[in-house]
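The values are calculated or read from the model by the stated rules, or taken from the named source; none is laboratory data. In this text, all values refer to a predicted model and were calculated from it rather than measured experimentally. FYI the Cβ positions are ideal-geometry reconstructions off the backbone, even for glycines, and counts take in every protein chain you see.
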Amino acid sequence: MRIREQRKCFKCDKEFSELFRCRIDERGNWVFMCGICLEETKINNLFYQYGGTWKAKKS
């Protein structure tokens, strides 16, 4: 198993070993967000689109 570095959440800027790739605004750029920030951001967000899960542990 290969372990990759942690990444920072786009919104809260904290490091995590699991993040969610998503689009959250009209520009349509992909960002990585932690689960807590993602849940807050996607409520009533017409631009929200899920794009997969990133994990530091890769088998």
Checklist outcome for this item: Flagged pairs (Cβ under 9 angstrom, 6 or more apart or on separate chains; first in the stretch 28-41, without any contact (Cβ under 8 Å) to a residue 12 or more places away in the chain; second in a strand (DSSP E or B)) are N29/R23
Next on the checklist: Filter the stretch 31-52 down to the residues that are surrounded by 12 or more Cβ atoms within 10 Å (Cβ to Cβ) and of a type in the set (F, W, Y) and list them by number.
Outcome noted: F32, F47, Y48
Item to check | Which numbered condition C37 misses (of (1) in a helix (DSSP H, G or I); (2) modelled with pLDDT under 95) | outcome: (2)
